[in-house]
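Undergrad: Encoded as structure tokens, here's the structure I'll be asking about.
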Amino acid sequence: MRIETRKLLDKSFSGAGWISVFLMVAALAIILLPIAWRGAGAFVFRATVEHRRMMLELFGVGDPAEVSAETAAAAEARRPIYDMLARFRAELSAMPVADRRRMAGRLAQLENALRDLLGPLPGDPIPVLPRQRYGQTRWDRALKKLETVLFRETWDYSDPTRMGRKVMVPRAEDFKGTSLEPFFADVKMRVADMLRPKLAFYWRFLTDESRDSHFFGGIWPEMLGTIYLTIGAAMFAVPMGIISAVYLTEYAGDDRLTGALRTFIGALAGVPSIVFGLFGLAFFINTMKVSQSKSVLAGSLTLALLILPTIIRASEEAIRAVPAAYKEAALSLGAGKGRTIITVVLPAAMPGILTGIIISMGRAAGETAPIIFTAAVSVGDPLSLLETLSQPTPALPWNVYNMCTEHQKLDELRHVQFGMVLVLVMVVLALNVAAIWLRARISRKLKG
Amino acid sequence: MERARMAVRVGWGALVGAVLLAAGLSRTAAAEDTKIVVDGSTTVGPIAKAFAEHFMQHNPGVKVTVAESGSGNGAKSLINGACDVADMSRFMKSEEFKAAVERGVFPVAHVVALDGLAVIVHPSNPVKELTKAQVADIYMGKITNWKDVGGPDAKIVVVSRDTNSGTYEAFEELVMKKRKMAEGIEYVGSNGAVRQRIQSTPGAIGYVGLGFADETVKALKIDGVEPNRDTVRSGRYPVARPLFMFTNGYPRPGSPVHSFVTLHLTKKGQEMVEGIGFVPVTDYK
């Protein structure tokens, strides 16, 4: 081969390498940046007076005097709007019957849109569902709802050969010639006064419980559930994993049985996670009855099985990497094998083992399939330590999925979903960074 | 060597002991009236979730958890004793009853709300109504184009719930009359997923519980009747059904489970049912 060709091949190879690294980083950025951006929207957003009122009433957060003053100011700004509605209702009763029926229908639609935006109208009974008790708490959502107050969405089906086209009809046209005609310009003008948006940093998103299935509040039960499950999984998997690794490296002979054991552990690592989930349901809950229903305990045990092979592998590698001289020195000083392992080998291998543990905890935190049948529910209060033995819990990965497929009003709660995704990604990322940091520290230390 | 073996043995022993202890503790914890585990239908889910929140507000000592894994799984959970309340959007089947009774579980049905199965299409679809027979024909694959039912020339994308779903079974019984659905239908796992599929697909048709038919999709009239509160309760809407919560036996009056499954009889409970978009069993106004 000519030297030029070789150089060219060489260059194109490293070029391909760079391109793939670049593509990977770009893909990561494309995935992570929107998550970070939209997830941040759960924490930092422009909050309306409704948000502050809700926080005070449902969570007891905020200065009551300040909030009631602000609520009064907002009510003052809303009064002209409500007065116009009341005047129109009076006008309605004087209309000819046909007009009245048509207008009453439109008015009902308008009132519902207004309830969505501002909360219950004057004279409405206080709704039982918190979601109906307040207007829009976020300014970005409020602006969307404002559109539905100002415009009515209809579809133009005039061309029978194709699907209809969306048409936005200004409601002002619907009420042309009535006293309500100037209402819409007025609402638009006053909306900021009626809702008083202010920038809010809602850090309590992490520590508040959710109210009315995630309409309000934060994700504390999910966070806590994920923490319990992750730590629980590590509690079961770590001792078993390390003991198995010690056995495999220090005690087991190089016979067929050990080979078979290693193969099984390898196979265990390759089993799809949903299989662990079903196994957990069948074995821990239905057969062993570790708990009557789904529970954090059953979920932790299932996750422990899932991460066990990773921990065994990592620990084995770490133990093997301990220089033989350490062991020989200990043995030559008269220590027994057990003592050598406990006082010399394991401490020397511990950093590597820890790295493996942390990485597998990251895996356990992010897994959805194993906990579907063994631990996860869509709604629940945060659990106390004792309750984890018998009760199921919400958990971040499952609730992200559950909200996406199941929630009735997902479109209004995207910020919560992205907030959950962001927190989950951050937790997993933090665990992985911790592992990388640990590894770097160790290798520095080993180099001396 | 011997000592290390011992250490290993002690380690395993401690672990097994911990698991057994945990299992024992959970038994005693479960015996108290401090938790209600609800599992089952995704259609009843929103009602159960609202009830759970309301219930916990008024009974701080009781934890209610709600999972939404489908009516079939709810029934299985109840039969296995893994839940206290099984949400179901269909009645229990005879096999399920049999399995339950064999295990000493005696399911009692509580109807918490009425529901109409809304047949939904993309709002751009000009078709306003279908007959029950037409819907069945669409799901059997006899009608595959919207132009055959008065719409534009577009292929019908048929979306159904999975077979574990109570909504599926109700649809099968009320519309399909046990006739087989066509091959190539999309089966999706929840009401929300059906709605999402319809929202994003102009030619699609699907069916969801009334509470899930919001303004982003268009609910068709069936046999000329629009699905809403009045038509469902009066029985005029042809594809309506009750929504159930099943318990093992009738719960002891005064127990948390009893007050949970009777919440729908209170004014607040009915308001919640209606606020979520379903139809209260009786007229409370």
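The values are calculated or read from the model by the stated rules, or taken from the named source; none is laboratory data. Here the structure is a predicted model, which is why all the values come from computation and not from measurement. Here the Cβ positions follow ideal geometry from the backbone for every residue, glycine too, while neighbour counts run over all protein chains shown. Side chains included, ligands, DNA and RNA excluded: accessible areas come from the protein's heavy atoms. Shrake-Rupley method; radii C 1.70, N 1.55, O 1.52, S 1.80 Å.
Undergrad: Right, B:V62: more than 11 Å from A:V377 (Cβ to Cβ), more than 7 Å from chain A (Cβ to nearest Cβ) and surrounded by 24 or more Cβ atoms within 10 Å (Cβ to Cβ) or not?
TA: No.
Undergrad: I would also like to ask the following. Across the stretch B:65-76, what is the number of residues that are out of contact with any Gly (no Cβ under 6 Å at 6 or more places or on another chain), more than 17 Å from B:G192 (Cα to Cα) and either away from every other protein chain (no Cβ under 11 Å) or touching a residue at least 24 places away in the same chain (Cβ under 8 Å) (or both)?
TA: Total meeting the criteria: 3.
Undergrad: Being farther than 14 Å from B:T42 by Cβ, buried (at least 18 other Cβ atoms within 10 Å of the Cβ), within 12 Å of chain A (Cβ to nearest Cβ) and within 21 Å of the chain's Cα centre (by Cα): is that true of B:A213 here?
TA: Yes, satisfied.
Undergrad: Taking the condition within 30 Å of A:I219 (Cβ to Cβ) and not in a helix (DSSP H, G or I), does A:V61 pass?
TA: yes
Undergrad: Within the stretch B:166-285, which helices (runs of 4 or more DSSP H) (wholly inside it) include 2 or more residues that are over 30 Å from B:L78 (Cα atoms)?
TA: Filter on the stretch B:166-285 gives B:191-200, B:229-234.
Yes or no, residue by residue, for (1) in contact with a Gly (Cβ under 9 Å, 6 or more places away or on another chain); (2) under 26 Å from B:E215 (Cα atoms):
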site	(1), (2)
A:T71	no, no
A:A75	no, no
A:E91	no, no
A:A94	no, no
A:V97	no, no
A:L107	no, yes
A:P120	yes, yes
A:G123	no, yes
A:V128	yes, yes
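Undergrad: Also: Quick test of your reading of the structure: A:E367 fulfils all but one of (1) within 14 Å of chain B (Cβ to nearest Cβ); (2) among the acidic types (D, E); (3) buried (at least 20 other Cβ atoms within 10 Å of the Cβ). Name the failing condition by number.
TA: That leaves (1) as the condition not met.
Undergrad: Here is a follow-up. Can you find, within the stretch A:199-209, the residue that is farthest from A:G362 (Cα to Cα) among those that are touching a helix residue (DSSP H, G or I) at 6+ places or on another chain (Cβ under 8 Å) and touching a residue at least 24 places away in the same chain (Cβ under 8 Å)?
TA: A:A200
Undergrad: From the list A:D174, A:D186, exactly one residue is more than 30 Å from A:A365 (Cβ to Cβ), in the same structural domain as A:S68 (by TED's automatic domain parsing), open to solvent by 20 Å² or more (accessible area, probe 1.4 Å) and charged (D, E, K, R). Which is it?
TA: Going through A:D174, A:D186 in turn, the sole match is A:D186.
Undergrad: Among the residues of the stretch A:20-54, what is the count of those that are in a helix (DSSP H, G or I) and in contact (Cβ under 8 Å) with a residue 12 or more places away in the chain?
TA: 12
Undergrad: Right, here's the next one. In the stretch A:103-120, what residues are open to solvent by 40 Å² or more (accessible area, probe 1.4 Å) and either in contact with a strand residue (DSSP E or B) (Cβ under 6 Å, 6 or more places away or on another chain) or touching a residue at least 40 places away in the same chain (Cβ under 8 Å) (or both)?
TA: Correct list: A:R106, A:Q109.
Undergrad: Restricting attention to the stretch B:54-75, and to residues there that are hydrophobic (A, V, I, L, M, F, W, C) and in a helix (DSSP H, G or I), which single residue is nearest to B:G249 (Cα to Cα)?
TA: The residue in question is B:A75.
Undergrad: Identify all residues within the stretch B:238-276 that are within 14 Å of chain A (Cβ to nearest Cβ) and aromatic (F, W, Y); write none if there are none.
TA: Passing the criteria: only B:F260.
Undergrad: Scan A:V345, A:V322, A:V296 and give me the residue that is over 19 Å from A:A233 (Cα atoms), modelled with pLDDT of 90 or more and buried (at least 20 other Cβ atoms within 10 Å of the Cβ).
TA: From the options A:V345, A:V322, A:V296, the qualifying one is A:V345.
Yes/no matrix, rows are residues, columns are (1) touching a strand residue (DSSP E or B) at 6+ places or on another chain (Cβ under 6 Å); (2) closer than 26 Å to A:M163 by Cα; (3) open to solvent by less than 20 Å² (accessible area, probe 1.4 Å):
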{"residue": "B:G189", "(1), (2), (3)": "no, no, no"}
{"residue": "B:L220", "(1), (2), (3)": "yes, yes, yes"}
{"residue": "B:V225", "(1), (2), (3)": "no, yes, no"}
{"residue": "B:A240", "(1), (2), (3)": "yes, no, no"}
{"residue": "B:P253", "(1), (2), (3)": "no, no, no"}
{"residue": "B:Q270", "(1), (2), (3)": "no, no, yes"}
{"residue": "B:D283", "(1), (2), (3)": "no, no, no"}
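Undergrad: Give me the residue from the stretch A:203-215 that is out of contact with any strand residue (DSSP E or B) (no Cβ under 7 Å at 6 or more places or on another chain) and of a type outside the set (D, E, K, R) and, out of that set, surrounded by the most Cβ atoms within 10 Å (Cβ to Cβ).
TA: This residue is A:H214.
Undergrad: Okay, next question. From the list A:L396, A:L410, A:L431, A:L389, pick out the single residue that is buried (at least 19 other Cβ atoms within 10 Å of the Cβ) and under 27 Å from B:R195 (Cβ atoms).
TA: A:L396
Matching residues to (1) open to solvent by 40 Å² or more (accessible area, probe 1.4 Å); (2) of a type outside the set (G, A, S); (3) not assigned by TED's automatic domain parsing to the domain that holds A:F184:
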| position | (1), (2), (3) |
| --- | --- |
| A:I30 | yes, yes, yes |
| A:P34 | yes, yes, yes |
| A:E57 | yes, yes, no |
| A:A69 | yes, no, no |
| A:A72 | yes, no, no |
| A:F88 | no, yes, no |
| A:R101 | yes, yes, no |
| A:P122 | yes, yes, no |
| A:P127 | no, yes, no |
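Undergrad: Would you check if B:S200 is under 14 Å from the mean Cα position of the chain (by Cα) and on the phi < 0 side of the Ramachandran plot?
TA: No; evaluated as a whole, the condition is false for this residue.
Undergrad: Just checking, how many residues over the stretch B:198-210 are within 11 Å of another protein chain (Cβ to nearest Cβ) and open to solvent by 30 Å² or more (accessible area, probe 1.4 Å)?
TA: Within the stretch B:198-210, residues that are within 11 Å of another protein chain (Cβ to nearest Cβ) and open to solvent by 30 Å² or more (accessible area, probe 1.4 Å) number 2.
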